[in-house]
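S.K.: Below is a structure I'd like to ask you about.
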Amino acid sequence: MSTDRPSFRHPQAARNTAGFTRKDYEGAISTLCAGCGHDSATNAIIQACFELAIEPHRVAKMSGIGCSSKTPAYFLGRSHGFNSVHGRMPSVATGANMANRDLLYIGISGDGDTASIGMGQFAHALRRNLNLNYICMNNGCYGLTKGQDSATADRGSAGKKGVPNPYSAIDLCELAIELGASYVARGFSGDKQQLVPLIKGAFAHSGLAFIDIISPCVTFNNTATSTKSYEYVREHIEATNTFDFIPLQQEILAHYPEGTSQEVVMHDGSIIHLHKTDAGRDVTNRRKAVDSLEEEKAKGRLLTGLLYVNQNIMETHDIINSTLRPLNSLTEADLCPGNTALQKINAGLR
Amino acid sequence: MKPTNIDNPEYFHKVIDCQYACPAHTPVPEYIRMISQGKYDEAFKINWISNVFPGVLGRICDRPCEPACRRSRVEENPVAICRLKRVAADFKSPGADFLPEVPAEKNGKRIALIGGGPASLTVARDLLPLGYTVDLYDNQKKAGGFIRTQVPSFRLPEKVLNEEVDRILDMGVNTHLNCQVDSLKKIVDLGYDAIFVGTGAPRGRDLPDLPGRSEGGDAIHIGIDWLAAVLYRHVIRSGPKVLVLGGGNTSMDCCRTAKRLDAEEVTVVVRSPKADMKASPWEIEDAEEEGIPIIDNHAPLEFVIDSGKLVGMHFQKMTAETDGSGNRRLVPTTEPPVFMPCDQVLLAVGQVNAFPFIEPELGIKMTERGLPELDPTTHQSSIPNIFFGGDAAFGPKNVITAVAHGHQAAISIDLFCRGQDLHDRPAPSTNLVSQKMGLQDLLYDSRVATDHRYAVPTVDRAKSLKNRLLEVELGFSKKTGHQEASRCLNCDVQTIFDFSTCIECDSCVDICPESCITFTDNGDEEDLRTRLLAPSDNKQQALYISPALPTGRVMVKDENVCLHCGLCAERCPTSSWEMMKFTYNCPTAGEK
Ligand SMILES: Cc1ncc(C[n+]2csc(CCOP(=O)(O)OP(=O)(O)O)c2C)c(N)n1
Ligand code: SF4
Ligand SMILES: [Mg+2]
């Protein structure tokens, strides 16, 4: 197997407004199985970063353990990163985020990493609405440890072992909406046309953006009996909406007929234009968002797209009113109020 | 677009840019691969079968393959294909066990070859193994033609030439050397079954109407005749101040030869801008490196004669102008004529065909340009058993084109002698072989080297300028040859796509370093080219289109800058991509 990729890239490869080519966002060559959905998800992240002209050194990647959690090695090779322990990505991301709120945080996890061992961590990151892009590459199994059913495996679904899963599945998106995430989306690794804008929207969003990427495990869970196989997902996928992500300062060129679209202005001023297939759906309404998910599930369909967005929930820093400056830029003068202040406090306690 | 028909042998042939561009369609990547494996004999044999003169062409070929080389589309310089050919010739073992058997019992058909250059020799080589009796007529004392008389030894040592010419003659050619054919009728009367005319473009153009031309007398020479005279040592010295007129390769050979015959000052003067010169860029470079100035935009006005002696020339300065319809032409400037002193002038201003030995009553139809009227495929003239090839066929081209003509003429002659339709020609033989080895490995070296083109070492300049027989280029060593060979992108190993097993997981799209692959809705070519992942504006290069996939989309691969690295095949979970080596061999005479 190749351990490196040729260094040549297309001679007319485009540069983004920051002067980077797509290659500047790549990482090492993947060691995952050929055809793993995680590699496509990885490439969608690369594409989103390239298109948004994000400066690689302004990004920190965090992950737990799993094939999915290995992927930060395969993108943004020039960014900061921390590969933590199983299920602990949210803690590490929280710590880093508290220390420096200026970076863009990409947290990578898997369904095992999130919905089993890391469930407690996941819940609290959601609850605090940490300004983190939480990407879960969901293959319904523990890929790295040879494909055991995970907590997101649908009841009755059977992977390579052939034993149907007897337990009910956790819907991470519903849970995320329930527990306080302010941007929730679901994509499919096999559909970058939808996935890349979802990731871009998440990056523009302030607060916890959770993206559940259905990402087939070709080796252990791509069987005809699995509900997380390429074929099953393609056949059962239902898009809530298609949307345009319009970065700040870019002119809106498309024309949207009344009632068919919903406009969401992101914190950084970019705009998301949703083209709704169903006028009854409202992605800014939490109850309706959960209803939509449940309705489609009842029909045996898998709802994808932008599921929920709420611009009014404060992110952790704003809730706890923390400093705007990265901790490493604070000097003694900033941190130590001085003897006079201390005397005053002491006096107040006497 | 319709799904690509990869069963058409020309589809993948075209992907092998070098082989496709080569007039003889030499399987270049395969011989380069042999070199990188140290199999010089095999590399030589592949060349010899296809282009007949690997040692010669490895030095003086016009190399149309190199500008076509894919490598030059992904980095600055193409693979040094020509010099690698020389590597094969330099390091092959002395034996000649690759030679085809020539039957002792002849087939009773007799063929005459007029002219002993590369075209005729190729015909001889192709027909002898089939049992033909081959008589070769040439006016020189040794066969070889233009490559013997006009290419100087410092570019092509006589030893190399002799070896390659003799290899063919020794297969059993009946040579009639020192034999000027001054009547084709006489040859026709000898009752040959077929006659092949490969007499080249033997006449160098003169400037007969330029004032002072006749008074200049023997200080003014026709370049190609002068080069031949040097070869035969009729000329052993050059005037101290030499002007060489013309911008082609003959001009470069003349000036560099003059420099080696003790000329003190040699200057090349060209009518047109330097960028329009016909000489190969590397020949121009070599001349300049030897300290020969090239003065462009100067058209000759007159030879200046003083007391019966040539003392210089007048030139008119020219400038290139673009007229209303975008055509560029040369026009004189208003500046006064420029005088350049000299005591010798070599005219290398072009070559023309001449057939003084063809009697009109033979009935060979000629064109207005003084060339025979030929069927472009079969090389047959208006007299069914008379064929033409090389520069004699369609005007001056180059050695490799002459070889290609020779192959085609040999096929025609064989079909003709067997009473078959000359247009029902044998097809190329092709083959497609999987390169998969075990689960993960490939049979070819798929790594893409980042090495830049290696320069060929040369002998000491001062030494080489003193000795016109000393070859300037030393050729690659085995080691450098190997390194240069590793730059080849294996364009003969094709990416074959099986749409029926593809699950559209995007793995190939994601891994492809050049973003060659796109899955998208079908459309016409122009539209598709605007919707691919990477810019797709090289229309010379094909798009490979699959039938519709389950999502309704098609796979589109732009062949343009594919590195043939095999990563798509490696990353595909269903082996829908497979690397397969495509072999394309031109037919030779006698094949079906
Ligand atoms: C504390 C701890 N417990 C268990 C493991 C074993 N383990 C490694 S990866 C993994 C599951 C990963 O599943 P998921 O997050 O879905 O990643 P995938 O490989 O499917 O992408 C487990 C249980 C571990 N590495 N550490
Ligand atoms: S085991 Fe599954 S999840 Fe892990 S790399 Fe292979 S395909 Fe991907
Ligand atoms: Mg998993």
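S.K.: Specify which of the listed residues (B:S280, B:S325) is assigned by TED's automatic domain parsing to the domain that holds B:H221, under 29 Å from B:R453 (Cβ atoms) and out of contact with any Ser or Thr (no Cβ under 9 Å at 6 or more places or on another chain).
M.R.: Result of the check over B:S280, B:S325: B:S280.
S.K.: Scan the stretch B:273-287 and tell me whether some residue there is surrounded by fewer than 22 Cβ atoms within 10 Å (Cβ to Cβ), touching an Asp or Glu at 6+ places or on another chain (Cβ under 7 Å) and more than 18 Å from B:P152 (Cβ to Cβ).
M.R.: So far as the stretch B:273-287 goes, yes, one or more of its residues are surrounded by fewer than 22 Cβ atoms within 10 Å (Cβ to Cβ), touching an Asp or Glu at 6+ places or on another chain (Cβ under 7 Å) and more than 18 Å from B:P152 (Cβ to Cβ).
S.K.: Moving to a separate point now. Looking at the stretch B:536-548, is at least one residue crowded, with 17+ Cβ neighbours inside 10 Å, within 14 Å of another protein chain (Cβ to nearest Cβ) and over 18 Å from B:L443 (Cα atoms)?
M.R.: Yes, the stretch B:536-548 has at least one match.
S.K.: Further question on the same structure: For the stretch B:536-592, list the strands (runs of 3 or more DSSP E) that sit wholly inside it and hold at least 1 residues that are more than 34 Å from the chain's Cα centre (by Cα); which are they?
M.R.: Passing ranges, in order: B:554-558, B:577-585.
S.K.: With the requirement that a residue be in contact with a helix residue (DSSP H, G or I) (Cβ under 7 Å, 6 or more places away or on another chain) and within 12 Å of A:N222 (Cα to Cα), what does the stretch A:136-161 give you?
M.R.: Across the stretch A:136-161, the qualifying residues are A:N139, A:G140, A:G143.
S.K.: Which condition does B:N490 not pass, out of (1) surrounded by 12 or more Cβ atoms within 10 Å (Cβ to Cβ); (2) more than 13 Å from chain A (Cβ to nearest Cβ); (3) out of contact with any strand residue (DSSP E or B) (no Cβ under 8 Å at 6 or more places or on another chain); (4) polar (S, T, N, Q), if it passes all the others?
M.R.: Single failed check for B:N490: (2).
S.K.: Spot the failing condition for B:G108; the list is (1) over 30 Å from B:I236 (Cα atoms); (2) under 25 Å from the mean Cα position of the chain (by Cα); (3) not in a helix (DSSP H, G or I), and only one is missed.
M.R.: It is condition (2) that B:G108 fails.
S.K.: Would you please name the residue that is farthest from B:V561 (Cα to Cα), looking only at residues in the stretch B:488-525 that are part of a strand (DSSP E or B) and among the polar types (S, T, N, Q)?
M.R.: By that ranking, first place goes to B:T520.
S.K.: Looking at the stretch B:568-582 only, could you name the residues that are within 7 Å of chain A (Cβ to nearest Cβ) and crowded, with 23+ Cβ neighbours inside 10 Å?
M.R.: Within the stretch B:568-582, just B:R571 meets the criteria.
S.K.: Which residue, of A:V163, A:V196, A:V184, is in a loop (DSSP other than H, G, I, E, B), among the hydrophobic types (A, V, I, L, M, F, W, C) and either within 14 Å of chain B (Cβ to nearest Cβ) or away from ligand 3 (no atom under 16 Å from the Cβ) (or both)?
M.R.: That would be A:V163, the only listed residue that is in a loop (DSSP other than H, G, I, E, B), among the hydrophobic types (A, V, I, L, M, F, W, C) and either within 14 Å of chain B (Cβ to nearest Cβ) or away from ligand 3 (no atom under 16 Å from the Cβ) (or both).
S.K.: Give the residues of the stretch B:562-588 that are touching a Lys or Arg at 6+ places or on another chain (Cβ under 9 Å), under 26 Å from A:C33 (Cα atoms) and away from ligand 2 (no atom under 16 Å from the Cβ), sorted by residue number.
M.R.: B:C562, B:L563, B:H564, B:C565, B:L567, B:C568, B:A569, B:W577, B:E578, B:M579, B:M580 - these are the residues of the stretch B:562-588 that are touching a Lys or Arg at 6+ places or on another chain (Cβ under 9 Å), under 26 Å from A:C33 (Cα atoms) and away from ligand 2 (no atom under 16 Å from the Cβ).
S.K.: What residue, of A:S116, A:S68, is within 16 Å of ligand 2 (Cβ to nearest atom), of a type outside the set (D, E, K, R), more than 14 Å from chain B (Cβ to nearest Cβ) and closer than 23 Å to B:V509 by Cα?
M.R.: A:S68
S.K.: Moving on. Name the residue, out of A:D191, A:D111, A:D171, A:D154, that is of a type in the set (D, E) and within 14 Å of chain B (Cβ to nearest Cβ).
M.R.: A:D191
S.K.: Take the stretch A:325-350 and flag every residue that is in contact with a helix residue (DSSP H, G or I) (Cβ under 8 Å, 6 or more places away or on another chain) and loosely packed, with under 10 Cβ neighbours inside 10 Å.
M.R.: Answer for the stretch A:325-350, where residues must be in contact with a helix residue (DSSP H, G or I) (Cβ under 8 Å, 6 or more places away or on another chain) and loosely packed, with under 10 Cβ neighbours inside 10 Å: just A:N328.
S.K.: On to the next question. Hey, B:L177 hits all of (1) crowded, with 17+ Cβ neighbours inside 10 Å; (2) out of contact with any strand residue (DSSP E or B) (no Cβ under 7 Å at 6 or more places or on another chain) but one; which does it fall short on?
M.R.: (1) is the only condition that B:L177 fails.
S.K.: What's the number of the only condition in (1) surrounded by 11 or more Cβ atoms within 10 Å (Cβ to Cβ); (2) modelled with pLDDT under 90; (3) under 22 Å from A:G201 (Cβ atoms) that A:Q249 fails to meet?
M.R.: (1)
S.K.: State the number of residues belonging to the stretch A:38-59 that are within 12 Å of another protein chain (Cβ to nearest Cβ) and touching a strand residue (DSSP E or B) at 6+ places or on another chain (Cβ under 7 Å).
M.R.: Of the residues in the stretch A:38-59, 5 are within 12 Å of another protein chain (Cβ to nearest Cβ) and touching a strand residue (DSSP E or B) at 6+ places or on another chain (Cβ under 7 Å).
S.K.: Applying the selection to the stretch A:205-223, what residues are more than 16 Å from ligand 1 (Cβ to nearest atom) and either crowded, with 23+ Cβ neighbours inside 10 Å or within 12 Å of chain B (Cβ to nearest Cβ) (or both)?
M.R.: A:H205, A:G207, A:L208, A:A209
S.K.: Let me ask something else about it. Being more than 22 Å from B:P78 (Cβ to Cβ) and out of contact with any strand residue (DSSP E or B) (no Cβ under 9 Å at 6 or more places or on another chain), is that true of even one residue in the stretch B:542-560?
M.R.: Yes - at least one qualifying residue is present in the stretch B:542-560.
S.K.: Which one is nearest to A:A298 (Cα to Cα), of the residues in the stretch A:152-187 that are within 16 Å of ligand 2 (Cβ to nearest atom) and surrounded by fewer than 24 Cβ atoms within 10 Å (Cβ to Cβ)?
M.R.: The selected residue is A:S157.
S.K.: Just one of the numbered conditions (1) buried (at least 24 other Cβ atoms within 10 Å of the Cβ); (2) in contact with a strand residue (DSSP E or B) (Cβ under 8 Å, 6 or more places away or on another chain); (3) not in a loop (DSSP other than H, G, I, E, B) is not true of B:A143; which one?
M.R.: (3) is the only condition that B:A143 fails.
S.K.: Take the conditions touching a helix residue (DSSP H, G or I) at 6+ places or on another chain (Cβ under 7 Å), away from ligand 3 (no atom under 16 Å from the Cβ) and more than 18 Å from A:I213 (Cβ to Cβ) and apply them to A:E26. Does it pass?
M.R.: Criteria met by A:E26.
S.K.: Kindly establish whether A:G95 is within 14 Å of chain B (Cβ to nearest Cβ) and either closer than 23 Å to A:H124 by Cα or not acidic (D, E) (or both).
M.R.: Spelling it out, it is not the case that A:G95 is within 14 Å of chain B (Cβ to nearest Cβ) and either closer than 23 Å to A:H124 by Cα or not acidic (D, E) (or both).
S.K.: Right, here's the next one. Of these, A:R78, A:R22, which one is within 14 Å of another protein chain (Cβ to nearest Cβ) and not hydroxyl-bearing (S, T, Y)?
M.R.: So the residue among A:R78, A:R22 that is within 14 Å of another protein chain (Cβ to nearest Cβ) and not hydroxyl-bearing (S, T, Y) is A:R22.
S.K.: Among the residues of the stretch B:340-357, is there at least one that is out of contact with any Cys (no Cβ under 6 Å at 6 or more places or on another chain) and free of Cβ contacts under 8 Å to residues at least 40 places away in the same chain?
M.R.: Checked the stretch B:340-357: no residue is out of contact with any Cys (no Cβ under 6 Å at 6 or more places or on another chain) and free of Cβ contacts under 8 Å to residues at least 40 places away in the same chain.
S.K.: Quick check on A:L132: is it away from ligand 1 (no atom under 16 Å from the Cβ), within 17 Å of A:F210 (Cβ to Cβ) and either crowded, with 24+ Cβ neighbours inside 10 Å or within 14 Å of chain B (Cβ to nearest Cβ) (or both)?
M.R.: It is true that A:L132 is away from ligand 1 (no atom under 16 Å from the Cβ), within 17 Å of A:F210 (Cβ to Cβ) and either crowded, with 24+ Cβ neighbours inside 10 Å or within 14 Å of chain B (Cβ to nearest Cβ) (or both).
The values are calculated or read from the model by the stated rules, or taken from the named source; none is laboratory data. Being a predicted model, the structure only gives us computed values, none of them experimental. Using ideal geometry, Cβ is built from the backbone for each residue, glycine included, and neighbour counts are taken over all protein chains shown.
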